[in-house]
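Reviewing the structure listed below.
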Amino acid sequence: MNTVADPLRAPAATRLPVADDFPILARPVHGRRLVYLDNGATTQKPTAVIEAEARFYRESNANIHRGVHWLSQHATELYDAARATVQRFIGAARADEIIFTRGTTEAINLVANTWGRKQLTAGDEILITTLEHHSNIVPWQMLCEQTGAVLKVAPVNEIGEVELDSFDALLSPRTRLVAITHISNALGTVNPVAEMVAHAHAVGAVVLVDGAQAVAHQAVDMQALGCDFYAFSGHKLYGPTGIGVLYGRAELLADMPPWQGGGDMIRTVSFERSTYAEAPQRFEAGTPNIAGAVALAAAIDYVQALGMDRIVAHEHALLEHATAALSAIPGLRMVGTAAHKAGILSFMIEHIHPHDLGTILDSEGVAIRAGHHCAMPLMTRFGIPGTARASLAVYNDDTDIAALVTAIEKAQTLFGTRKRP
Amino acid sequence: MSAMDGNLRELYQEVIFDHNRQPRNFHDMPEADHHADGHNPLCGDQLTVYLRINNDVIEDVSFVGHGCAISTASASLMTEAVKGKTVAEVEALFKDFHALLTETPPERDFGKLAVLTGVREFPARVKCATLAWHTLHNALIGDHDPARTE
């Protein structure tokens, strides 16, 4: 990947006609055009999503599953419709396999605290990979402390891929749970999830997939993946913060105890004993983020109207263009060059710490992430404290990549380390 | 030149680059009688500060670790600034230096430390500039939990 970009061979950078849909992109930062390349952290929101959330509060706000009054029934219908939208979006067999959570982190913790506490005992094994985000590491470490289960970690190779052979070598009849990321937030590696699920199922393990970085960037289908649990956040999918999803196969959910107790998750309550509602209500104690769920459905509608095929084609072409453009900068080293990658570019600049780079890029209006990306064990694997990360979304185009390159060159000039290609 | 470019030049002065490229007192110290670790979990910066104190005076000070240009240069400049001072003088200097970066700048001659004044315009980077000082403080009071800037 270290070849100098050849403009004739570099793939044509594409553009989707969406910039006008995202009002925040019109605001300047430090007097410059905002070049937002921190989409792995959170995406910006289209007007359709902002309006959907506002419209809910303006026209439809009431608590759900409570009132006999019209507005409550209306709000309940919208909330249930949002669940059905999520179900269709990820190809779940049933709407009651969709549990609304605060986000990916809460979804993973829900599985650890319900399925995990009930099912795991001392000596059982949980298999994760070196690619995982802290939110797909720490809940399992906590579960291991509670149950005596053992955490195993599949390694990654030099280019940031989990090789199936080394993954398989760690699977055994003791493996009760496999928890893997769909797409690495730090490197962009796309895991061969369907194969990993099949191999894990062959030893009888249950599989949870962290889809936080995947759902906005490729079609995701529960039947094709075959996984048992799938977790994602709304805010990385052009939706609001504070809303996310746990998909769980109906048979597993039926056997899982509740986690948080409260209203809406019960069937009957007496001071002697309470009985619990079926899934998904059993896992949605208290008043949920109703407006967030409605706005998440609007975000899914937005993505589907745009067309996932077009999004994939656009982001893939832009990734190739950006990879070529960045690789042509002397002193820049890409970290994570997996054969199958999504729109995430992690890199180091010789003699410039990622944090300094982040500050200088920001002065040019270019927003990237600098640091360990909540994946400290992965950074340790590569012997680096962190990287600079540019992550792509539907509204990015070649002018954003050009601005990124110019800003990196400015940093190199400031640090006195710029070399001509 | 935009206001932001001016701020950036204030932040990244030549003295900062010099101390980042060639940090002073950058070595471990087997004979140290005080030491502490510092860690900024948000950005991964990590350092250890070593001290040799005699009669309440900092006779020698050094550090090792890795971090951004601001944190490395600040640690390097700190070691130069505190050598030969009493413990009380160093603690007072830390308090004033922190105020220099975050509050109304106190009346005092900061010497070379003044080159870090540019950090004021970058609130996200104050932690980088103060990590070494928090670590030094922990070394002085004998706190062996890693210093944090939060």
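The values are calculated or read from the model by the stated rules, or taken from the named source; none is laboratory data. Because the structure is predicted, anything quoted here is derived from the model rather than measured. Positions of Cβ are backbone-derived with ideal geometry, glycine not excepted, and every protein chain shown enters the neighbour counts. Heads up: the accessible areas ignore ligands, DNA and RNA and are worked out on the full protein's heavy atoms, side chains in. Shrake-Rupley method; radii C 1.70, N 1.55, O 1.52, S 1.80 Å.
Values computed for the structure shown
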| item | result |
| --- | --- |
| Net charge over other residues, Cβ less than 13 angstrom from the Cβ of residue A:242 (K, R count +1; D, E count -1) | +1 |
| Most mobile listed residue (B:125, B:21, B:52) in chain B, GNM with C-alpha springs under 10 Å | B:21 |
| Of A:137, A:360, A:98, the one that fluctuates the most in a GNM where chain A has Cα springs shorter than 10 Å | A:360 |
| Three-way shape label, the stretch A:49-304, alpha-carbon gyration tensor, a/c 1.5 | oblate |
| Two-site FRET efficiency, residue A:264 against residue A:198, from Cβ-Cβ distance with R₀ of 22 Å, rounded to 0.05 | 0.05 |
| Kirkwood Rh and Cα Rg combined as Rg over Rh, evaluated for the stretch B:1-62 | 1.14 |
| Residue A:374 - accessible surface, heavy atoms, 1.4 Å probe, Å² rounded to 10 | 40 |
| Apportionment of accessible area to carbon and sulfur, the stretch A:49-304, percent (1.4 Å) | 52 |
| Counted charge near residue A:214, where neighbours are those whose Cβ lies closer than 15 Å (Asp, Glu -1; Lys, Arg +1) | -2 |
| Using a Förster distance of 22 Å, the FRET efficiency for residue A:241-residue A:14 (Cβ separation, nearest 0.05) | 0.15 |
| Order of exposure, largest accessible area first, which applies to A:130, A:47 with probe 1.4 Å | A:47, A:130 |
| Lys, Arg +1 and Asp, Glu -1 on Cβ, resulting dipole of the stretch A:49-304 about Cα centre, debye, nearest 20 | 680 |
| Carbon + sulfur, % of accessible area of the stretch B:3-141 - ligands and nucleic acids excluded, 1.4 Å | 50 |
| Per-residue SASA entry for residue A:247, accessible area with 1.4 Å probe, Å² rounded to 10 | 10 |
| List B:12, A:276, ordered by accessible area with a 1.4 Å probe, largest first | A:276, B:12 |
| Of A:297, A:107, A:154, the one that fluctuates the most in a GNM where chain A has Cα springs shorter than 10 Å | A:154 |
| For the pair B and A, total buried accessible area rounded to nearest 100 Å², probe 1.4 Å | 1500 |
| Amide proton proximity set for residue A:259, modelled H, under 5 Å, gap of 5+ | none |
| Inter-label distance for residue A:24 and residue B:13, nm, one decimal - labels placed 7 Å from Cα along Cα-to-Cβ | 3.5 |
| Minimum 10 Å² accessible area buried by the other protein chains, the stretch A:23-69 residues, probe 1.4 Å, relative to alone | A:30, A:32 |
| Positive dipole terminus of the protein assembly as shown, leading residue within A:235, B:93, A:14 (C-beta point charges) | A:14 |
| Chain-alone versus full-assembly comparison, the stretch B:1-23, residues with accessible loss of at least 50 Å² (1.4 Å probe) | B:4, B:8, B:12, B:17 |
| Net charge contributed by nearby residues that have their C-beta within less than 15 Å of residue A:109 (K/R +1, D/E -1) | -2 |
| Tally of Lys pairs whose C-alpha atoms are under 30 Å apart, taken over chain A, 8 or more apart or cross-chain | 11 |
| Calculated over the stretch A:274-347: convex hull of Cα atoms, volume per residue (Å³) | 185 |
| Where the protein assembly as shown is the region considered: accessible area per residue in Å², 1.4 Å probe | 41 |
| Lys, Arg +1 and Asp, Glu -1 on Cβ, resulting dipole of the stretch A:287-421 about Cα centre, debye, nearest 20 | 500 |
| Cα-based Rg and Dmax for chain B, where Dmax is the largest Cα-Cα distance (Å) | 14.6, 51 |
| Size of charge dipole - the protein assembly as shown - debye, nearest 20, with Cβ of Lys, Arg +1 and Asp, Glu -1, no other charges | 680 |
| Delta accessible area of at least 40 Å² on complex formation, residues of the stretch A:385-412, 1.4 Å probe, chain isolated as reference | A:385 |
| Dimensions (Å) - the protein assembly as shown, Cα atoms, principal axes, largest first | 74, 63, 54 |
| Cross-link reach list, lysines versus residue B:83, counting only Cα pairs under 24 Å and skipping chain neighbours closer than eight places | B:95, B:112, B:127 |
| Probe 1.4 Å - accessible area at residue A:278, Å² to nearest ten | 100 |
| Computed E for residue A:287/residue B:55 - FRET, C-beta separation, R0 45 angstrom, nearest 0.05 | 0.10 |
